[in-house]
Amino acid sequence: MDSRERLASLHNELIKTCERSEYTEGTTLNKVQMLLKLTGRLLDVIRVSVWGYRKDKTSIICRSLYSKDQDKYESGMVLSIDDFPHYFDAMSSNRVVVANNARQHSATSEFTESYLIPLGIFSMVDAPIYSSKDHHGILCVEDGHKNRNWPVEEISFITAVADKISLALEHDAWLKASKRLLVAQRTDSLTGLENRLAFQERIDESTGCLSLESCDGGRGILIIGIDRFSAVNDELGYIQANELLQLIAIKLTNMTIEKKIFPARLSGDIFALWIIGVEKNDLIQIIRSIQAVLLDGIKLASGKLVNISASIGGTVISGPYGDAENPVRKAEIALAKAKKNGIGSYALFDDNWLSDFQQKKEAENELLAAITNKELIPFYQPIIDCQTGQISGVEALVRWQHPTKGTLSPYHFLPLATEMRLMPQLGELMLRSVCMDIEHNQQLQTLTFVSINLSTEQLYSNTLVSMIARLLSKHQIPQNLIELEIVEELISHDTKLVTNQLNELADLGVRLSIDDFGTGYSSLSRLKHLPVSKLKIDRSFVDGLPDDESDRCIASSIVGMAKGLNMAIVAEGVETNEQAEWLKEIRCDLMQGYLYAKPMAVEQLISYMSNS
């Protein structure tokens, strides 16, 4: 067999092995061991092994070694750079090391006394194994024949095997990363409980058995809302409030209930239980047990005892359900009814409430259609320069041009859009519409800035930056013309994700501002490290100006802090001349409110700018 035939034969054997079901369906370790055994058999060598670098690259550990004579695998041996520096230096070049005489080769001779002679090894070939980011490890092929000359076809085969192992390890890493991502997508990061997505999926999967005779009773859902949690949050502060939520999750998980339960955190202070094998009376007893557990109080790590209560809504499912009767929605409707009855109340869903539910469903369908039909459009409210009295920029505010109800403010549909998790689509629609308005109206291009609100869901999206970059490029919008407003609550969460996202947006060239400032819990130290150029005083602190002493103190403090951080300051909700004059006196930079103009369609804005 000549070298070309030998090369083809070796690679055909490799392809056949990788197509076998034992390989394709096996674990990564099984795949590696099959490749090691194949190499030992086809090349007639005594040992074939895979070694992996440790993180610091100062040692390698044997992941799997196949001994052909003994037909067995072993692992665990460690080789250190301190003992074999020439070998590590040679392998760091990422080239194949071919040592026909390993005991004399410059890269491998230092193995002679401690490794090669005791194991009867005379020649070897070592090939690098890669991951997507780095040199991952080494495939080592060792033989006991003296001065074996490794032909090109065998070296090619060894390199191909190393590549197959690289692919197997990379696929394994991808699977593990995907699994971690899936867990993260289904888990509430604060409490470790299932999130809404996972909770709904669990219910959808579980209710499939309810039509079977073997099902042991009904299923119950309880939605638990902590009463007056916003006040508790104000009292405790962000960190201790989060600790409280974590402890509530632990209490719900560890409750002594005869039924099988699956707890979840749906949002904020809203928890849920999916309970197996219950009827209506069982559910009422469990509700009372939950309320009793919470009324006992929860002790924080600081020793502080927090007294809380909960309102609870529930429903029992005795058979499969249609989309219009989603049991989570039923339980949420019941929770809303319970909250209306006062703190510490509970309610079980009544089918007579379904008409209300249907009305809400119709509203949801209308909203979906509105997004599809582009009925949601930007209105623009001018923002005035305090020094010149001229328009400096505008804020884009969403309005619904409803086909029968006329122009609707966001208060009529944003809560529903948030509940339906439509904010990313709505946000992208707004960004696209604003960019189109700027592109088609040259007067908007003369403004200092056009401000657009970012929702929480958008800020946490890993496609936000690329989407904005694409829109700005498509419509030829200068990056620094666009200003993105983020509510203060978001920056109070000291997460790498938020920080990285804001830094990437700043690197893109867009401006960043903090909306509703003064209503959240952001610290000064946190604020000064963020790429933010503007603060907007929440309208609640402007309403009482200039007469209310508290509002004056807060507004003055915010303006002073902004000046100290070299940030511009905008006052929202300015409606009287007295408010405007007082804000000018404390050196407020910009003002926005009905005193100057209401939000208006783009055509009206162009007319307003022409007349100003």
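With 46 Å as the cut-off, how large is the P(r) tail for the chain, expressed as percent of Cα-Cα pairs?
43
Angle check, please: helix 423-440 long axis (alpha carbons) against the longest principal axis of the chain (alpha carbons), in degrees 0 to 90, nearest 10.
For 423-440 against the chain, the angle is about 70 degrees.
With all protein chains present and a 1.4 Å probe, how do 534, 361, 280 order by accessible area, largest first?
If we order 534, 361, 280 from most to least accessible, we get 280, 361, 534.
Ignoring ligands, DNA and RNA, what accessible area per residue does the chain give at 1.4 Å, in Å²?
Per-residue value: 49 Å².
How high is the relative contact order of the range 126-205, in percent, with contacts defined as C-alpha pairs under 8 Å that are six or more residues apart?
Reported relative contact order: 23 percent.
Can you pull a Stokes-Einstein diffusion coefficient for the range 23-139 at 20 °C (1.002 mPa s), Rh from Kirkwood over Cα pairs, as a whole number of µm²/s?
For the chosen part, D equals 145 µm²/s.
What ranking of 83, 515 comes out by heavy-atom accessible area, probe 1.4 Å, highest first?
These residues rank, largest area first, as 83, 515.
If you put +1 on each Lys and Arg Cβ and -1 on each Asp and Glu Cβ, how big is the dipole of the range 169-299 around its Cα centre, in Debye rounded to 20?
Magnitude of the dipole: close to 100 debye.
How far, in nm, would the chain grow between residue 296 and residue 356 when pulled straight, counting 0.36 nm per residue and subtracting the alpha carbon separation?
18.0 nm
Relative contact order of the range 520-612, please, whole-number percent, based on alpha carbon pairs below 8 angstrom and at least 6 residues apart.
So the answer I get is 26 percent.
Keeping all protein chains in position, work out how much accessible area residue 163 exposes to a 1.4 Å probe, and write it in Å² to the nearest 10.
70
From the protein chains alone at 1.4 Å, what is the descending order of accessible area for 95, 54, 186, largest first?
Result, largest first: 95, 54, 186.
Only helical DSSP H runs with n ≥ 4 go in: add -39500 (n - 2.57) per run for the chain, normalise by residue count and round the 222 nm mean residue ellipticity to 500 deg cm²/dmol.
-13000 deg cm²/dmol
Per residue, how big is the convex hull of the range 281-415 when only Cα atoms are used? Give it in Å³.
227
So for the pair residue 543, residue 557, with labels modelled 7 Å out along Cα→Cβ, what separation do we get in nm?
Reported label-point gap for residue 543 and residue 557 is 1.9 nm.
In degrees from 0 to 90, rounded to the nearest 10, what is the angle of the helix 327-340 Cα long axis to the longest principal axis of the chain?
Around 40 degrees separate the two axes.
Just how much of residue 432 is accessible, in Å², when a 1.4 Å probe is used and the result is rounded to the nearest 10?
Only protein atoms counted, so the area is about 70 Å².
How large is the direction-averaged shadow of the alpha-carbon convex hull of the range 382-435, in nm²?
About 5.2 nm², averaged over all directions.
Report in % the part of the accessible area of the range 382-529 that belongs to carbon and sulfur, leaving out ligands and nucleic acids; probe 1.4 Å.
49
Does anyone have the angle between helix 238-253 and the longest principal axis of the chain? Alpha-carbon axes, 0 to 90°, nearest 10?
Computed tilt is about 70 degrees.
If exposed means no more than 13 neighbouring beta carbons inside 10 Å and the site is in a DSSP loop, what's the longest run of the chain without any exposed GluC sites (Glu not before Pro)?
After excluding every exposed loop site, the longest remaining stretch is 280-612.
Enumerate the whole-percent occupancy of each 10 Å bin, from 0 to the last occupied one, for all C-alpha pair distances of the range 91-155.
For the range 91-155, the binned pair fractions read 22, 51, 24, 4 percent.
Taking every Cα atom in the range 105-200, find the radius of gyration and the maximum pairwise distance Dmax, and write them in Å.
Spelled out, the Cα radius of gyration and Dmax of the range 105-200 are 21.9, 66 Å.
Give the accessible area for residue 429 in Å² (nearest 10); use a 1.4 Å probe, count only protein heavy atoms, and leave out ligands, DNA and RNA.
Approximately 10 Å² for this residue.
If I take every Cα pair under 8 Å that is 6 or more residues apart in the chain, average their sequence separation and divide by the length, what percent do I get for the relative contact order?
Computed over the chain, the figure is 7 percent.
So which aspartates and glutamates can residue 584 reach, going by Cα to Cα under 18 Å and dropping same-chain residues fewer than 8 places off?
Straight-line reach from residue 584, under 18 Å: 385, 538, 543, 547, 548, 549, 551, 572, 575.
The values are calculated or read from the model by the stated rules, or taken from the named source; none is laboratory data. Just so you know, these numbers come straight off a predicted model, no measurement behind them. Here Cβ is always computed from backbone atoms with ideal geometry, including for glycine, and neighbour counts include all displayed protein chains. Note: areas computed on protein heavy atoms with side chains; ligands, DNA, RNA excluded. Shrake-Rupley method; radii C 1.70, N 1.55, O 1.52, S 1.80 Å.
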